[in-house]
1. Looking at the chain as a GNM with Cα springs under 10 Å, which of 108, 58, 83 has the largest mean-square fluctuation?
2. When the convex hull of the C-alpha atoms of region 23-132 is computed, what volume per residue in Å³ does it have?
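All of the numbers you see were taken from the coordinates with simple rules; none came from a lab. Predicted model only: the values in this text are computed from it and were never measured.
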Amino acid sequence: MLSSFNLQRRAVGKKIQNHQDLLVYRKAFDAAMSIFDLSKSFPKEETYSLTDQIRRSSRSVCSNLAEAWRKRRYEAAFISKLSDAEGEAAETQVWLEFAVKCGYLKRSDAAALYKTYAEIIGTFVGMITHSETWIIQKK
């Protein structure tokens, strides 16, 4: 499996053809997989609450970004889906806080993931702010 660094290095200079080529997608996907692995140790009584919620929101970041990428023909739809992805990333940060407070995650693990989601949110804000550089221009 390629590390995040190698994925970033490989993507430099490469034309973005689908959502999986976006560095922010790879970062969000890797973070969601880390959350999946870490949440396996959450208590059984959290299965239908915290465990499901944090997994769902972290995965939704990726799926909303994929939808946004496919909707680049329509600027408003593109921005709307990116906004949804941004919201899901922020929600994931909240669930990380709960997991630490409940004693299910080490503060250091959660802090690293929280920082990753802050970077992801920053990228989404930039993409929204400069959506004209991302949308498919009509000829």
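1. Largest GNM mean-square fluctuation: 108.
2. Working: hull volume 9.0 nm³, N = 110.
In region 23-132, the Cα hull volume divided by residue count equals 82 Å³.
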